[in-house]
Structure formats: C-alpha cells, structure tokens
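This report concerns only the one structure given below.
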Amino acid sequence: MRRRAEFALTAIIAAVGLSAGAFERLWAVTPDSPWPLIIWIIGVLIVVLSILIFGGVAVSKKVLGVVDVKEFAHLKDGQREELRQYVWATYVTSRTRRAMVTVFRDGFLIALLGLVLLAVAHAVSWAAPLDDAPAPVVVNIISPSPTP
C-alpha cells in the first residue's frame, strides 16, 4: 500500500505542477470571468488535501500482529492463551489493512475530485476568448543624467 501511495503522491504533485504551468491563461481570462480562477483555487486546495492523505499513508507505520507458529502448533487442549493471541493478531492485522485501504481509497477519490476541478478550470479558460489586441508595453528608461 505504501508504494501505491508514493506513486499516487508523485503523480498528483506532477499534475498540480503542470496545472500551475498553465496558470497564465487562467489569469488572462480572469478580467472577463473570475470563475475559472475560483474553480482552480478550490481544485488546488482539494488536491493539497489528497497530497497530505497520500503522504500520511506513505509514511505510516503499520501495526501488524505476529503469530508464533511454533507455539501455536504445539497447542494443547487446555491452553487457550496461544489461541487468544492468534485470534488477536489476526484481528489487528486485518483491521489495520482495512483501514489503510480505506484511507487510500478516500484519498484517491478526493484527488480525483480535485483533478477534475483543475481540468474544468483549464477547459473553461481555454474556451473563453481573449482580446486580439495585445496590451501596450510600458518601458521606463532611466537615463544617467536628466535632460532639461
């Protein structure tokens, strides 16, 4: 599960980086309609939440129960402690794995929602027309000596 979380973490960070690379178009469309920028910011916040979730899964320490097979194989009818330890270890292991899978699945769904919002924001920004006339360029030249 940790390797999958590490891969998802890397892929989502790369996707946000690509989205941030196209931020100029979102900013250019903002004077006409702020909605693409608002959707993009919400998408980035959701993706950051999923990055934190995947980071938590990637660095988490799993508490898995261990079964001593040699002791369990020599179990007598009167000895119930080893059987109790085996059942407890199996329960802890299955519970920990289920929790890790649930957190990973929820992180994936949150990341999917955030990435869809980023895609919608970029699609709307590229569908909006821009002015054909370029903005005037203002150049300030500082001369070494003022002229009267």
- Taking the Cβ of each residue in ARG95, ARG25, ARG105 as the centre, tally the other Cβ atoms inside 10 Å and list the residues starting with the fewest. ARG105, ARG95, ARG25
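Using the 10 angstrom Cβ neighbour count as an exposure proxy, how do TRP40, TRP27, TRP35 rank, fewest first?
On the way: TRP40 25, TRP27 12, TRP35 15.
Ranked by crowding around the Cβ, least crowded first: TRP27, TRP35, TRP40.
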- Item | Whole-Hz couplings from phi, Karplus 6.51/-1.76/1.60, listed for the stretch 40-46; x for Gly and Pro | 5, 5, 5, x, 5, 5, 5
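A short reminder: the numbers here are calculations on the coordinates, not readings from a lab. It should be emphasised that the depicted structure is a prediction, and the values quoted were computed from it without experimental measurement. Methodologically, a virtual Cβ is constructed for each residue, glycine included, from the backbone with ideal geometry; neighbour enumeration extends over all protein chains shown.
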